Amino acid sequence: MGKLKLLLVAAAGLCVCLAAAAELRAFKRFSDATNEYEGVKLGSSRDEVGYRLGPPPMVFAPKPKSWPKANAPANWDPFQAIYHVGVPAWASSTGTEVRSDLPAGTSANDYDQWSWDVPNAGSSNIVADFDRRKNLIGLHCFDFSDTHKACPDHLGVAVGMTEEAVIAALGMPDKSNIESADEVKTLTYQDVGMDVLLTRGRVYGIEIEQHAGGMRLFRRFVRHSTGI
């Protein structure tokens, strides 16, 4: 009888260990997923991003304080410059040549924000942010199409979802902010490095950035996997 008890205890212990190992593997997959979007991982080099997403047809630059408004170039908005990068027709998402209007002596590698239009999706676009070491620190996808297929899902959140569905998938955000003038609400999930952008109650944009991980990420994983 004593041997049977020992076997039962050992079997129970093994089951617990296997369950814990499975949970850790699931958490690892969840953690990895928070750092990847559009098939690109945060921390990737510019070369890797260009390989994955193709050469960027546009780059953005901050607006220098020295630019007087009256003399600003036509391609400057109030916040940043938008430059087109020379892209041959075969590499362009639209199949037509994009002529460069970059300042002389510069290339896409001199700019910290790259942008791609999504084909057949209206004005939908993807934006990549790089740090000074030229590594990827953020990805943004904005979907203004009728089909809601320009931006891939991320952590169970999809373009077109209602705000209530987002909260059901991820739980309550760490913070939220409403920009009344633009009719935009942003739900911020700091523990997974994700912003969800909504207009009129539905998702139109997904943004990811690097996060610290740790116990806050694990707690979000538990809520994400159990719905608690």
Kindly give Rg over Rh for region 168-212, based on alpha-carbon atoms, with the Kirkwood expression for the hydrodynamic radius.
0.97
Cα gyration tensor, region 148-228 - rounded (a/c under 1.5), prolate or oblate:
prolate
The answer for Val184, listing residues at least 5 apart or on another chain whose modeled amide H is closer than 5 Å to its amide H, is Glu179
Going highest first, how would you order 169-180, 188-199 by mean Cβ packing within 10 Å?
188-199, 169-180
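Read-outs: derived from the displayed coordinates by stated rules, not from any lab. Here the structure is a predicted model, which is why all the values come from computation and not from measurement. Positions of Cβ are backbone-derived with ideal geometry, glycine not excepted, and every protein chain shown enters the neighbour counts.
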